[in-house]
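The next block holds one structure in the form of structure tokens; read it before the comments.
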Amino acid sequence: MSQYCDVALPVPLDRAFTYELGGLEPEVGARVVVPFAGQRLVGVVVKLHDVPPKPEVEGQEIQVKRVQQVLDDAALLPDELMELGKWIAGYYCAPLGEVLRGMMPLTAEVRRQWVYKIGEQGRKVLNDAAVKGASRRSKLSAEDQNREYAVLNYLVSGEVAKAATIRSATGANKALLDAMARKKWLVREALAETRDARRVEMVAVLEEQVSESASQQVSGRRIPKLNENQLAVMAELAGCGGRELVRELRGRLAARGVPESTLGTLVKRGLVRLEETAMEFHVTSLGSHGKKFAHEHALNEAQMEALAEITAAKGFSPMLLYGVTGSGKTAVYVAAMQRALAAGKSALLLVPEIGLTPGTAAQMVAAFGSEVALMHSQLTPDERAEQWHRIRRGEARVVIGTRSAVFAPLENIGIIIVDEEHDGSYKQEETPRYHARDVAVMRAKLLGCTVVMGSATPSLESWNNAERGRYKRVQLLRRVEERPMPAVEMIDMREEFRATGQEQLFSRRLIEETQATLERGEQAIILLNRRGYSFVVMCRSCGEKLECENCAISLTYHKPGNEHDLNGEARVGQRLECHYCGFRRGVPKNCPKCGSEHMYYLGAGSQQGEERLQELFPGARIGRMDRDTVRSRGDMERLLGKLHSGEINLLVGTQMIAKGHDIHGVTLVGVVGADFALGLPDFRAAERVFQLLTQVSGRAGRGELAGKVLVQTYQPEHYVNKFALQHDYTGFAAREVYFRRGAKYPPFSVLANVLVQSEKLEEVMAMCVKMGRWLEKRKPEGVRVLGPAPAPISRLKRIYRYHFLLKAERRDVLGGVLRELLAFVEREEISRRAVVVDVDAMHLM
């Protein structure tokens, strides 16, 4: 039996902490509750040993704290996932405890509560009051003073009590308890409690059949004759085989006018009993999309060749499945997963955003039924814990999910698939800032299994790995059933302005083609990749631009419309809103700076696009898809259902409309204002615009009719537009690689963005000076340091932000410098939360 254990805690410190076991016997990978900085935290055991911790100063005595509780009988994380977690912590320079916390989505099973006990200062206050009998001076009212004494008297025994218990006994509120803790009258601690996160519901079970005679003998006792309502309940249960969910039973009986109390009466008489049963989790409603897929035709020759290459792979085999839009990559995924299951193994499928691709989940359920588990952020904590345990018990061998699903506790994985591997949603924007695609590759390497990354527009990093032979490239270069790629046409908006003399949101050509499409009974999609009505509001007189009070970013103007807030409540009235922190304010009639009434609204978002389309096509059935109209997976499913049924024939929206939707009635796609992103200060700007153009173009012509794409642009000569015109990804990749190689940007270097942040600008500057001087003195060989400089968004959510950009040709060299820098930060007592290291940063904002 080991005496000590090292525990990784979810705190921003790059170390594990040693605790005494005191006879407890946790396994490595199990959760434990330990005291830390006046709190009780849940951590993960990473090592068992008999070596007591050494003091930092020789001769100094160390008091080793004890583990208070072991939460798991066995390790929740197997050795493979523990090893993966350590790799993530090292590669992304993230605290191991925060990595492991993200790998176990079981927050629903551990609830943190505040508990209080009387402190020494509190005892002194009570004693003084008893001896002197005098009232003390205080800004509090007499009533609150009496409550304080009541709290102290309640806790005088020294026992700890929960906040809710104290409030019930004394009438004290949370604010008063917190104030007493600040005065050190009370000692406040966080208590971690476990709870059963299973979701259960009640089932009614019929004990015995009862006839309609005057009286009956049940379990040796006589009962009176049943009335009409009671007989109806008994008959309903008998018709269901003697067992039915209470909610289902009550629903049917209510429709017949039977009161709810009738069931309770039968339970009391012993004729019916109630049992708990696990609540069913419905992955998704299949809808027409899932049913269609369940009867899909056989794979074509190209798909069969791709499948053969994937299934023939042995051991660790990273593959890039490059397939044009509409080439049937999903069907290949399903077939490969079926082969893995047939071999007795499991399969993992990652998708960028489950809310944007409900059809994917529906297709998997159609193919694999109850063996599917779903993991994504829109599940409740209880649902997430339930799915996690289903996977761990082996009840689900197919897991579909977003980036965190890469940590699903599947055993015996045969294949890992990363769909739309280029998508930026796979990069975590909070600590630990991992990239799920790269973590998937590493997990496959640790397991020795196949990993397939699919996309019509692969990231240049993956494309370069395939070019250099690190990944095997598998290609699908034609659409299914030999459907043609949509014809792409560029509309020069400079010429449009010269011809009309006005700045127009939609060109004449796009309006004409949209009208013709709707008249033919077909569907059209318009991409306008900005939310809101106008994204800049400024004063014509003084040039003042209305910005968020928390962020250095312009406020977006929203008109009243069919938008909802995060709670699903309808937003009414016009407003200005920050899309970064959520700050909102009313729209001023006059300029806040000079008082002028000449306010100017610049730029057009999807809300203005919807309004303009309603004016142009009053008979159209228009829908809008953006973050203001789609807040949940259910919203997306309803909207896509209307598209599939033809209830909507004209859709306008942001890039959400470009992601994986398969609407066979869409024959026209219009792209408005996408090329503004080419001017952003980001070396990936051209790649993102090309991906967006290609992906949204792929929504056209997926059915029997050919598709057409009209792209409005002010830069028709730009190489991004030229290659998008020809659906030429390989040509674009070659051109972009040429530029990246010359500037030594990824994939020809490795990059880390080191962000320094604080609510006080002077603190940020002081930290940057210290770190800058250290980097200048260190002069890391093979690493180029740019900065410090203000981040492109220099203030976000009231936090000032500066950054360093570090580039190197070798990952080990860059990683070593970053670890040395973080060690310097710790020695200088700079808060670890003030320094954010983003390895392989996707955004430099």
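The values are calculated or read from the model by the stated rules, or taken from the named source; none is laboratory data. Keep in mind it's a predicted model, so treat the numbers as computed, not measured. Cβ sites come from the backbone with ideal geometry, for glycine too, and all protein chains shown count toward neighbours. In case anyone asks, the SASA skips ligands and DNA or RNA and just uses the protein heavy atoms, side chains included. Shrake-Rupley method; radii C 1.70, N 1.55, O 1.52, S 1.80 Å.
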Legend entry - Within straight-line cross-link reach of Lys545, lysines at Cα separation under 25 Å, skipping those fewer than 8 residues along the same chain: Lys559, Lys589, Lys593, Lys760, Lys797
Legend entry - Long-range amide H partners of Val536 with built H, under 5 Å: Tyr557, Leu602
Inset, instruction - Keeping every protein chain in place, order Arg827, Arg530 by accessible area at 1.4 Å, biggest value first, i.e. largest first. - result: Arg827, Arg530
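What percent does the relative contact order of the chain come to when contacts are Cα pairs within less than 8 Å and at least six residues apart?
Computed over the chain, the figure is 10 percent.
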Legend entry - Ellipticity estimate at 222 nm from DSSP helix runs (n ≥ 4, -39,500 (n - 2.57)) divided over the chain, nearest 500: -10500 deg cm²/dmol
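Largest first, how would Val28, Val672 line up by accessible area (1.4 Å probe)? Mind showing how you got there, number by number?
Details: Val28 55, Val672 10 Å².
Sorted descending by solvent-accessible area, the residues read Val28, Val672.
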Inset, instruction - Quote the relative contact order of the stretch 357-424 in percent (integer), defining contacts as alpha-carbon pairs under 8 Å separated by 6+ residues. - result: 30 percent
Inset, instruction - Could you name the aspartates and glutamates whose alpha carbon sits less than 18 Å from that of Lys659, not counting residues in the same chain fewer than 8 places away? - result: Glu353, Asp419, Glu420, Glu421, Asp423, Asp626, Asp628, Asp635, Glu637, Glu687
Legend entry - Karplus 3J(HN,Hα) series, Hz, for the stretch 798-805 with 6.51 cos²θ - 1.76 cosθ + 1.60 (x for Gly, Pro): 6, 10, 7, 9, 10, 8, 10, 10
Inset, instruction - May I ask which residue of Gly401, Gln504, Val33 lies farthest towards the positive end of the charge dipole of the chain, with charges of +1 (Lys, Arg) and -1 (Asp, Glu) on Cβ and the Cα centre as origin? - result: Val33
Legend entry - Check: the chain dipole with +1 on Lys, Arg Cβ and -1 on Asp, Glu Cβ, in debye: 1780 debye
Inset, instruction - Give me the percent of the accessible area of the stretch 652-782 that comes from carbon and sulfur atoms, probe 1.4 Å, all protein chains in place. - result: 55 percent
Inset, instruction - Convert each backbone phi in the stretch 42-48 into a coupling constant with the Karplus relation 6.51 cos²θ - 1.76 cosθ + 1.60 (shift: θ = phi - 60°), then list the ³J(HN,Hα) values in order as whole Hz, x for Gly and Pro. - result: 9, x, 10, 6, 10, 6, 10
Inset, instruction - Quick one: which residues, 5+ away or cross-chain, put their amide H under 5 Å from the amide H of Ile526? H built at 1.01 Å from N. - result: Leu651, Val652, Gly653, Gly670
Inset, instruction - Restrict the search to the stretch 1-109; then list the GluC sites (Glu not before Pro) that DSSP places in a loop and that have at most 10 other Cβ atoms within 10 Å of their Cβ. - result: Glu56, Glu58, Glu61
Legend entry - Three-way shape call for the stretch 1-117 based on the alpha-carbon gyration tensor, with the a/c threshold at 1.5: rounded
Legend entry - Peptide ranges 311-319, 423-431 listed from the most packed, as the mean C-beta count within 10 angstrom indicates: 423-431, 311-319
Inset, instruction - Within 10 Å, count the other beta carbons around each residue, average over each peptide in 401-413, 748-760, and list them highest first. - result: 401-413, 748-760
Legend entry - Per residue accessible area of the stretch 691-738, 1.4 Å probe, in Å²: 39 Å²
Inset, instruction - Check the straight Cα-Cα distances from Lys162 and name the aspartates and glutamates below 14 Å, setting aside those fewer than 8 residues away within the same chain. - result: Asp178, Glu189, Glu193
Inset, instruction - Keeping every protein chain in place, order Met842, Met180 by accessible area at 1.4 Å, biggest value first, i.e. largest first. - result: Met842, Met180
Inset, instruction - Please give the solvent-accessible surface of His718 in Å², to the nearest 10, using a probe radius of 1.4 Å with every protein chain present. - result: 40 Å²
Legend entry - the stretch 740-792: C-alpha gyration tensor shape, a/c 1.5 cut-off, then a/b vs b/c: oblate
Legend entry - the stretch 681-705 and the stretch 755-775: distance between their alpha carbon centers, rounded to Å: 39 Å
Legend entry - Selection from Gly772, Phe739, Gly414, by position along the positive dipole direction of the chain (Cβ): Gly772
Legend entry - Peptides 230-236, 770-776 ordered by average Cβ neighbours within 10 Å, highest first: 230-236, 770-776
Inset, instruction - Work from the charge dipole of the chain (Cβ charges, +1 for Lys and Arg, -1 for Asp and Glu, about the Cα centre) and give the residue of Ala516, Ala172, Cys542 farthest towards its positive end. - result: Ala172
Legend entry - Residues whose placed amide H lies under 5 Å from that of Lys472, excluding near-sequence neighbours: Met319, Leu320
Legend entry - Rounded Å value of the spacing that divides the Cα centres of the stretch 808-845 and the stretch 452-467: 27 Å
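Hey, got the dipole for the stretch 717-845? About the Cα centre, +1 on K and R Cβ, -1 on D and E Cβ, debye to the nearest 20?
140 debye
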